[in-house]
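Heads up, the thing below is written out as structure tokens.
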Amino acid sequence: MMEDLIKALTIFLKYKNSYAPTHCEHDILYVNINPEIVSKEDKLELNKLGFEDDEYTFYSFRFGGS
């Protein structure tokens with residue numbers, strides 16, 4: 001649902017408000033926010049909404065493809 005993407009973007013907005021915060025590659029949506037600055041609670045919520053993280057960024061297979 002688009003509602004989940006909007007909820008996730010609202011969480012990301014708490015941590016960074018940049019001009020071009022996202023990009024897609026090979027059906028994966030990336031959000032250019034360092035996971036180290038995101039609270040554990042927000043990471044858990046983002047995971048429920050379809051986002052995972054690694055040491056550099058957040059990404060979603062759910063919202064990256066068609």
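The values are calculated or read from the model by the stated rules, or taken from the named source; none is laboratory data. Note that the structure is a prediction, hence the values are computed from the model and not measured. A quick note on method: Cβ atoms are made from the backbone with ideal geometry, for glycine too, and the neighbour counts reach across all protein chains shown.
Being within 9 Å of the chain's Cα centre (by Cα) and either modelled with pLDDT of 95 or more or loosely packed, with under 12 Cβ neighbours inside 10 Å (or both) is the filter; apply it to segment 10-31 and report the residue that is nearest to G65 (Cα to Cα).
The residue in question is L29.
Yes or no, residue by residue, for (1) among the aliphatic types (A, V, I, L, M); (2) surrounded by fewer than 16 Cβ atoms within 10 Å (Cβ to Cβ); (3) touching a residue at least 12 places away in the same chain (Cβ under 8 Å):
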{"residue": "N34", "(1), (2), (3)": "no, yes, yes"}
{"residue": "L46", "(1), (2), (3)": "yes, no, yes"}
{"residue": "G50", "(1), (2), (3)": "no, no, yes"}
{"residue": "S60", "(1), (2), (3)": "no, no, yes"}
